[in-house]
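Below you will find the structure I want to go over with you.
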Amino acid sequence: LVDTSYDRINEVDDQVLAFLTLDEEHARSQAKQLDAAPDTAARLFGIPSGIKDNIVTKGLRTTCGSQFLKNFDDPLYNANVVEKLNNEKAVTIGKLNMDEFAMGSSNENSSYMATRNPWNTDHVPGGSSGGSAASVAAGEVLFSLGSDTGGSIRQPAAFCGVVGLKPTYGRVSRFGLVAFASSLDQIGPITRNVEDNARVLEVISGHDKMDSTSADIDVPEYTKALTGDVKGLKIAVPKEYLAEGVEPEVKESVMNALKVYESLGAEWEEVSLPHSKYAVATYYLLASSEASANLARFDGVRYGVRSENSNNMIDMFKNSRSEGFGEEVKRRIMLGTFALSSGYYDAYYKKAQKVRTLIKNDFDKIFADYDVVIGPTTPTPAFKIGEKVDDPLTMYANDILTIPVNLAGVPGISVPCGFSENGLPFGLQIIGKHFDESIVYRAAYAYE
Ligand code: GLN
């Protein structure tokens, strides 16, 4: 499997551009060792996997897609999720491209290269886990890990025609995930089908004493939920998720999916999530505020590349950050710093926190009467490279259907649900209650 993975990478990665770093020598020798002493009890025995480059891997370069960390060649520890994959004998093939510090929706904010959509290389793979989705879609690895702060697993999964799940906030340890917005970030699996996804989540979930926000509750066997039975399942379809801005082709594919559910004995009804319209504004305020604090650690002293053109310490901080960060990261740091400043805090940050609660309450109300919420993952299929890159607001607006899920902390999956006229995939988004990934998988598997 590991040989096949590198063969495929050699064949297609110069067009897909998914990998920032390969770990070939180590992976091949690990595969040999595994061959020599097969451990069939290991749940991911010998499975080739890719890891998003904001998840720390011991001894393997971890750049977060940023020039600031281009010299971070030798991290001293593994993220909790990487330890868990290693314990189950998965093989890390390499590190996957991403928008710098996970800020973006197209991979064009990577400071190294723009990953391509394997279905059509003129189009973006989505972001920020674009390398993670493209590598699975292109058959380079059997699964990858991504991170999702406002849609970064589900949106690229939708654009690349693969399955991506953002777990409930707290389901998976964030220890070793380079923080973007700590109250929203979650790591999750990207796979070719729902069963693989459930298998990987079973491995990476669970409490970790190194992450105080990881929940100390049992991890169910998600694969047990894959029965194909959705008889009596109650589906809520928010009218805001099929409103203006959502392309007719996307709507149609969601309506077709709902017909499939009806034929399987599930019931659906239109509902309202009235505060959805504030989600994009709320998210960009909160995520940028948290990012401005989290990224303060990159000062050229403790981490990353230090500017060489400075005569004193303050200039050294300033120049290192000015030279090391890209445009989008600087935009977010400035926006977040402004929102957290005294005199503005109540008007922006505190207000946004209140709206976040209203968005969460919208979901709680719906989940009192329904099992899952279903809608599209994105309003459009993958757009062209260069199409939105100079217009941040249009780029942000593309996240409208994924962001509410992060603000509420609930789990959400994207599964492929059809193709546009020009052959690009769409995703169906299925959202569940807190810690009810099982029902999300059950619904996704029955449809798939
Ligand atoms: N596209 C969103 C952003 O730019 C989401 C990114 C993410 O989930 N990491 O912030």
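Can you compute the label reach from MET113? Point 7 Å from Cα along the Cβ direction, backbone N cut-off under 19 Å, restricted to segment 80-103.
Answer for segment 80-103: 93-102.
Then there's this: Full extension from THR223 to GLU327: what is 0.36 nm times the residue separation minus their Cα-Cα distance, to one decimal in nm?
Taking 0.36 nm per residue and subtracting the Cα distance, the gain is 33.2 nm.
Here is a follow-up. Pop the C-beta distance of THR337 and MET210 into the FRET formula with R0 = 30 Å and round what comes out to the nearest 0.05.
0.60
List the lysines whose alpha-carbon lies under 21 Å from that of LYS231, not counting same-chain residues fewer than 8 positions away?
LYS259, LYS433
Treating the beta-carbon of each Lys and Arg as +1 and of each Asp and Glu as -1, no other charges, what is the dipole magnitude of segment 43-100 about its Cα centre, to the nearest 20 debye?
The dipole magnitude comes to about 200 debye.
Assuming a ≥ b ≥ c are the square roots of the Cα gyration tensor eigenvalues, decide whether segment 336-448 counts as rounded (a/c under 1.5), prolate (otherwise, with a/b larger than b/c) or oblate.
Note, shape of segment 336-448 comes out oblate.
When only Cα pairs under 8 Å and 6 or more residues apart are kept, what is the percent relative contact order across segment 222-356?
The value is 25 percent.
Okay, moving on. Can you find, among HIS26, ALA443, VAL373, the residue farthest towards the positive end of the dipole of the chain? Put +1 on the C-beta of Lys and Arg, -1 on that of Asp and Glu.
The listed residue farthest towards the positive side: VAL373.
Calculate the FRET efficiency for ALA347 and SER310 from the Cβ-Cβ distance with a Förster distance of 41 Å, rounded to the nearest 0.05.
0.70
Can I ask one more? Along Cα→Cβ, 7 Å out, is where each label goes; now give me the distance between the ones at ASN256 and ARG192 in nm to one decimal.
Going by the 7 Å Cα→Cβ label model, 2.2 nm.
Here's something else I'd like to know. With the full set of protein chains in place, find how many percent of the accessible area of the chain is carbon and sulfur; take the probe as 1.4 Å.
50
Shifting gears a bit: In whole Å, what are the extents of the chain along the principal axes defined by its C-alpha atoms, from largest to smallest?
Over the chain, Cα extents along the principal axes are 69, 64, 45 Å.
Can I ask one more? Per-residue counts of other Cβ atoms within 10 Å, averaged by peptide: what ranking do you get for 395-405, 77-87, 151-161, highest first?
151-161, 395-405, 77-87
Pull out a ≥ b ≥ c, the square roots of the eigenvalues of the alpha-carbon gyration tensor of segment 162-294, then state rounded if a/c is under 1.5, prolate if not and a/b is larger than b/c, and oblate in the remaining case.
It comes out oblate by the Cα gyration axes.
To continue, here is another question. What is segment 141-227 by shape, rounded, prolate or oblate, if you read a ≥ b ≥ c off the alpha carbon gyration tensor as root eigenvalues and call it rounded for a/c under 1.5, prolate for a/b larger than b/c, and oblate otherwise?
Because a/c hits 1.5 or more and a/b fails to exceed b/c, segment 141-227 counts as oblate.
While we're here: Could you identify which residue out of LEU201, LEU76, LEU295 has the top mean-square fluctuation in a GNM of the chain using Cα springs shorter than 10 Å?
Of LEU201, LEU76, LEU295, the most mobile in the Gaussian network model is LEU76.
What nm value, rounded to one decimal, do you get for the distance between HIS26 and ALA42 when each label is placed 7 Å out toward the C-beta?
Taking the simple label geometry, HIS26 and ALA42 are separated by 1.5 nm.
Might you tell me the accessible area per residue for segment 1-74, computed with a 1.4 Å probe and given in Å²?
Each residue of segment 1-74 exposes 50 Å² on average to a 1.4 Å probe.
How many nm is it between the label spots at GLU387 and LYS234, if each spot is 7 Å from the Cα in line with the beta carbon?
So the label points at GLU387 and LYS234 sit 3.8 nm apart.
The values are calculated or read from the model by the stated rules, or taken from the named source; none is laboratory data. What you are looking at is a predicted structure, and each value in this text was computed from that prediction instead of being measured. Neighbour counts run over all protein chains shown; Cβ positions are idealised from the backbone, glycine included. For the accessible areas, the whole protein counts, side chains as well, though only heavy atoms, and no ligand, DNA or RNA atoms are used. Shrake-Rupley method; radii C 1.70, N 1.55, O 1.52, S 1.80 Å.
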